[in-house]
1. With r as the distance between the Cβ atoms of Gln82 and Thr136 and R0 = 30 Å, compute the FRET efficiency 1/(1 + (r/R0)^6) and round to 0.05.
2. List the residues whose amide H sits under 5 Å from the amide H of Thr141, counting only those 5 or more places along or on another chain, with H placed 1.01 Å from N in the peptide plane.
3. Label-point separation (nm) for Gln106 and His31, each offset 7 Å from Cα along Cα-to-Cβ?
4. Taking the Cβ of Gly84 as the centre, find all other residues whose Cβ is under 14 Å away and add up their charges (Lys, Arg: +1; Asp, Glu: -1).
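No lab work stands behind these numbers, since they all come straight from the coordinates. Just so it is clear, the structure is predicted and the values come from calculations on it, not from any experiment. Methodologically, a virtual Cβ is constructed for each residue, glycine included, from the backbone with ideal geometry; neighbour enumeration extends over all protein chains shown.
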Amino acid sequence: MITVLVVRGVSGTSDANTPNAFAAPLEPAKHVNTRAWRTIAADPANHVDERVVLWGRVTRFDPMADASSFRANVDTARHTPQNGVVNYPTPVVLHGDPAVLRNLVQGFIFTAEATVDGTAPPGDTPDVRIPELTVTKLTVTDKTVG
């Protein structure tokens, strides 16, 4: 019986079936122009797995309800705040590791590297497709802009 357990432990399952299997390294996030971003945002399902660099402002984040996702308005160009306000044109849903998102607060301005996942489930307006992305790197760049 001991021999069987040892053999069974050694044979196990392949790396592809184990939850700790190594994932392929991510492609570097690309800086794309605003026109290219608008194309991605208009049809995120056809741009799944594309990696982009985004600038944005957190519009909704409640870590008590969900520490791994938040809503933001983003663009692929950095906007300069005017009169204490910055307006990024594209609403998105972003997901990420709670450890990466732990310092976020509604209103914070950030830069992020993200992977396009597709479209978020429809909310109050089923006609509107909101891009959904996974954040792999996030840096808060301004904590005071309202």
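1. The formula returns an efficiency of 0.50 here.
2. Here Ile109, Phe110, Thr111 satisfy the definition.
3. About 3.3 nm separates the two model spin labels.
4. Working: positive: Arg57, Lys143; negative: Asp142.
Neighbour charge sum, excluding Gly84 itself: +1.
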